[in-house]
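One structure, pasted below without further comment.
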Amino acid sequence: MQRIHNVTQLADLDDDALARCYAYPRHLERPWVRANFVNSIDGAFTVDGVSAGLGTDADHRVFTLLRELAEVIVIGAGTVRAENYGGAHPDPDRRRAHFQHGIGGSADGTPPPIAVVTASARLDPASKFFTDAEVAPLIITTAHADKDQVAALEQAGAQIVVAGEAAIMPSALVRVFAERGLHRVLCEGGPHLFGQLAEADLVDELCLSTAPMLVGGAGGRISLSASTFDTPMSRKQLVLAEDGTVLARWARR
Ligand SMILES: NC(=O)c1ccc[n+]([C@@H]2O[C@H](COP(=O)([O-])OP(=O)(O)OC[C@H]3O[C@@H](n4cnc5c(N)ncnc54)[C@H](OP(=O)(O)O)[C@@H]3O)[C@@H](O)[C@H]2O)c1
């Protein structure tokens, strides 16, 4: 029987071994964009409008680890609004340990900021996204956003970055991170943001959890963009969980 490379059982991996599986490349000189999504077997990315219904323990373990490793988490405003996003609170000791191993995290254990991409700045300054944040969120917005709304988000503790006129080009978004030395980027969606990054060929890797369920419905998919494209990807690793979740890591060829 032929052995398939880089296929592992999740049960065989302790936290350090799993972290090595998801290590960012060392010595990055530009932002490395990693995206993370969960999907059902039949391709749904939400159940009743949110991803929580697809979450399994295995997916949660990887979701938590990817946050521990990242230097910045980026999401579209649609996801913040739909999922009632809070701040990121990864374990500070784990972040320090990842940093010492050169695979991500932070030297002092501080969490990564969450950057929200929004043309409108239409976010609720009283929401837990702002009240629950340990580090100032980055609001990456446009010159066309409502000025009072932007001021309210700044008042709520956010750092405002204007990176476009009416919309933010994917390359301008990545430049925002490059200028701040934030090289280990984790994009947690949603499909509109991810689709634009992928269309611009700016996604270095995709971590995709497939939850062992069929959900049907008329929902969309994890990547939405104005036009189709054809980006070949290589399967870097497959981790199989006992509950049936398939944890794949795909990298741009
Ligand atoms: N299964 C999963 O792993 C997963 C992960 C993430 C999200 N989701 C689901 O995805 C759904 C939300 O998807 P979505 O595609 O609507 O959300 P999205 O990509 O998170 O957000 C779209 C919004 O982001 C802003 N945006 C995106 N690209 C922009 C650009 N180039 N310039 C300026 N602003 C930009 C706009 O915000 P403004 O309207 O404020 O201008 C836009 O309306 C939710 O149901 C969520 O549960 C699932």
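The values are calculated or read from the model by the stated rules, or taken from the named source; none is laboratory data. Only a predicted model underlies this, so the values are computations on that prediction, with no experimental measurement involved. Note that we place each Cβ from the backbone using ideal geometry, even for glycine, and neighbour counts take in every protein chain shown. The area values use the complete protein model at the heavy-atom level, side chains included, leaving out ligands, DNA and RNA. Shrake-Rupley method; radii C 1.70, N 1.55, O 1.52, S 1.80 Å.
How much length is gained on full extension from His27 to Asp93, taking 0.36 nm per residue of separation minus their Cα-Cα distance?
21.6 nm
What are the residues whose amide H is under 5 Å from the amide H of Arg184, where those residues sit 5 or more places off or on another chain and H is modelled from the backbone?
HN-HN under 5 Å from Arg184: Trp32, Glu71, Val72.
For a quick check, take a GNM of the chain with Cα springs below 10 Å and name the residue from Ala97, Ala19, Ala226 with the largest mean-square fluctuation.
Ala226
Per the helix-only calculation at 222 nm, which mean residue ellipticity applies to the chain, given -39500 (n - 2.57) for every DSSP H run of n ≥ 4 and division by its residues, nearest 500 deg cm²/dmol? Don't skip to the answer; put the middle values down first.
On the way: 8 runs with 68 residues, N = 253.
Here the helix-only value at 222 nm equals -7500 deg cm²/dmol.
Round to the nearest 10 and give me the degree value, 0 to 90, for the angle of helix 170-179's Cα axis relative to the longest principal axis of the chain.
In the chain, helix 170-179 runs at an angle near 90 degrees to the longest axis.
Label points 7 Å out from Cα along the Cβ direction at Arg20 and Asp148: separation in nm?
Each label point is offset 7 Å from its Cα along the Cβ direction, giving 5.7 nm.
Which distance in nm do the two modelled labels at Glu134 and Arg253 give, with both placed 7 Å along the Cα-to-Cβ direction?
The two pseudo-label positions are separated by 4.1 nm.
Using the Cα centre of the chain as origin and beta-carbon charges of +1 (Lys, Arg) and -1 (Asp, Glu), tell me which of His192, Leu28, Pro125 is placed farthest towards the positive end of the dipole.
About the Cα centre, the residue reaching furthest to the positive side is Leu28.
Related question: Determine the dipole magnitude for the chain: charges of +1 sit on the beta-carbon of Lys and Arg, -1 on that of Asp and Glu, nothing else is charged, the reference point is the Cα centre, and the result goes in debye to the nearest 20.
Once rounded to the nearest 20, the dipole reads 640 debye.
Counting only heavy atoms of protein chains, what accessible area per residue, in Å², does the range 19-137 have with a probe of 1.4 Å?
Working: 5090 Å² over 119 residues.
Per residue, the range 19-137 has an accessible area of 43 Å².
Let me ask another. At 7 Å along Cα-to-Cβ for each site, give me the label-to-label distance between Thr8 and Leu238 in nm.
Between Thr8 and Leu238, the simple spin-label model gives 1.6 nm.
If you don't mind, another one. Rounded to the nearest 20 debye, what is the charge dipole size of the range 182-242 about its Cα centre when +1 sits on each Lys and Arg Cβ and -1 on each Asp and Glu Cβ?
Dipole magnitude for the range 182-242 comes out near 100 debye.
List the residues whose amide H sits under 5 Å from the amide H of Ala35, counting only those 5 or more places along or on another chain, with H placed 1.01 Å from N in the peptide plane.
Amide H to amide H, under 5 Å and 5 or more residues apart or across chains, Ala35 pairs with Cys187, Glu205, Leu206, Cys207.
Considering only DSSP states other than H, G, I, E and B, which trypsin sites (Lys or Arg not before Pro) in the range 48-112 qualify as loop sites with at most 10 other Cβ atoms within 10 Å?
Answer by residue number: there is no such site.
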